[in-house]
Amino acid sequence: MQIELIFGKVLKSLRIKKGITQEQLATISTLERTYISELENGKYQPTLTSIFDIARGLNMKPSELVRLVELEFENQ
């Protein structure tokens, strides 16, 4: 599986577990909702800045977010 798809899968899972919508995550992360949607659908790879913004929106460390993506990648 491509890394973009894995990131999107992890992002969507975390967002749903937090009980927030794409719109809410976008607002907290200061990103566009469409960008969050495209990330979740594996259309884009996030920039380093976006990873930090998204992690803040999910109330976690960027390293935790990347680690979860790494684990999912290793388990495929």
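The values are calculated or read from the model by the stated rules, or taken from the named source; none is laboratory data. These figures come from a predicted structure and were not determined experimentally. Here the Cβ positions follow ideal geometry from the backbone for every residue, glycine too, while neighbour counts run over all protein chains shown.
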Select from the range 25-58 the residues that are in contact (Cβ under 8 Å) with a residue 40 or more places away in the chain, closer than 18 Å to residue 5 by Cα and of a type outside the set (Ser, Thr, Tyr) and list them in ascending order. 42, 45, 54
Cβ pairs under 7 Å, 6+ apart, first in the range 59-76 and more than 13 Å from residue 11 (Cβ to Cβ) and at pLDDT 95 or above, second buried (at least 16 other Cβ atoms within 10 Å of the Cβ) and small (Gly, Ala, Ser): 61/55
